[in-house]
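The values are calculated or read from the model by the stated rules, or taken from the named source; none is laboratory data. Because the structure is a prediction, the values reported are computed rather than measured. Here the Cβ is made from the backbone with ideal geometry for all residues, glycine too, and neighbour counts use every protein chain on show. For accessibility, only protein heavy atoms count, side chains too; no ligands or nucleic acids. Shrake-Rupley method; radii C 1.70, N 1.55, O 1.52, S 1.80 Å.
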Amino acid sequence: MRKSKLITLKKLAIQARKDCMETQITVGSGHLGGSFSALEMMIYLYFEEMNIDPKKPWKNDRDIFILSKGHASLGYYCVLAQRGYIPKEELKTYRKVNSRLQGHTHADVLPGVECSTGSLGQGLSFALGMALGYKRKDMSNRVFVIVGDGEMQEGQNWEALMMQGRLKLDNLIPIIDYNRLQLDDCIDEVLGAFKLKQKLEAFDQNVIEIDGHDFEDIKRAFDNIKVGRANIILANTVKGKGISFMENSVPWHAQKLTQEEYKGALEELEKMEVTLND
């Protein structure tokens, strides 16, 4: 990846984090921890990987993105605003009555949102159905879906992966946001520790393990998608990534910023931005 492109992507990630925090401090709502663990992957998809056109959001040959962990909608909406799907000003309506930007994503009202999510465990099955439909119609569209690691405790996900492996659906690309924390604890403390990569491989998946915050590693993952196989990206991430006091902290699943914390977090991001300009 060219250095200039890498810097551009990193700056987009910093700006998205700023927009998330500004929105949360303005409206008093929004999940920062899970948004920040998934931001780099969403930015790479929307700015580098997917065949999309914000001016023609419903074009027939578009790629599809589904955020199955719908509670991270704040990060998703900030990326859609950066990409030109919605006005940035609209972020101030987040979770307001009659807003298009609800706490869990709502399809059919917002360009770029293809599936209503929030009830965990359902996005992957929905994505599988879309991918299978495109295959049956001999269309080239791809379907990307980000699933939370805590969400992988839902049995429906494993049914979908079993079917994906059986059908060898190579136009469906699930990405697991593997930050190892869920709403109120470490995932290993909720249903016990297990070897996720080996379990995925047992479901006949081509597992591509990456650092989910490293844009070059994310690119490598998409470059290594195998044709005629079921593929899945296991993205090692950090909940609350980018803000020191949020990283790997369970409470920051949904905790709200104080004005003092907001100021400190902005200073951290601005220092990062300065290093990119050197």
Subject >> Theoretical ellipticity at 222 nm over the chain - DSSP helices of four or more residues, -39500 (n - 2.57) apiece, nearest 500 >> reply: -13000 deg cm²/dmol
**OP:** Rounded, prolate or oblate: pick one for the stretch 149-276, where a ≥ b ≥ c are the square roots of the eigenvalues of its C-alpha gyration tensor, a/c under 1.5 means rounded, and failing that, prolate if a/b is larger than b/c, else oblate.
**Re:** oblate
Original post:
So what J values fall out for the stretch 19-32 if you push phi through Karplus, 6.51 cos²θ - 1.76 cosθ + 1.60 with θ = phi - 60°, rounded to Hz, Gly and Pro as x?
Top reply: 5, 4, 5, 4, 5, 5, 5, 7, 9, x, 7, x, 9, 8
Original post:
What are the trypsin sites (Lys or Arg not before Pro) within the stretch 33-71 that DSSP puts in a loop, where the Cβ has at most 11 other Cβ atoms within 10 Å?
Top reply: Lys55, Lys59
Subject >> Solvent exposure of the chain as accessible area per residue, Å², 1.4 Å probe >> reply: 44
Subject >> Most fluctuating residue given options Ile243, Ile233, Ile64, as computed from a GNM of the chain linking Cα atoms under 10 Å >> reply: Ile243
**OP:** Just order 190-203, 6-19 by mean Cβ neighbour count inside 10 Å, highest at the front, would you?
**Re:** 6-19, 190-203
Subject >> Tensor-based shape of the stretch 204-278 (alpha-carbon gyration tensor, a/c under 1.5 rounded, otherwise prolate or oblate) >> reply: oblate
Subject >> Antiparallel content of DSSP bridges confined to the stretch 156-278, in %, to 5 >> reply: 15
Original post:
Considering only the chain, what is the antiparallel percent among its DSSP beta bridges, to the nearest 5?
Top reply: 10
Original post:
For the pair Val190 and Asp211, how long in nm is the line joining their label points, each one 7 Å along Cα→Cβ?
Top reply: 2.6
**OP:** Consider a paramagnetic label point 7 Å from the Cα of Glu247 along Cα→Cβ; state which residues of the stretch 160-189 have an amide N under 16 Å from it.
**Re:** 179-181
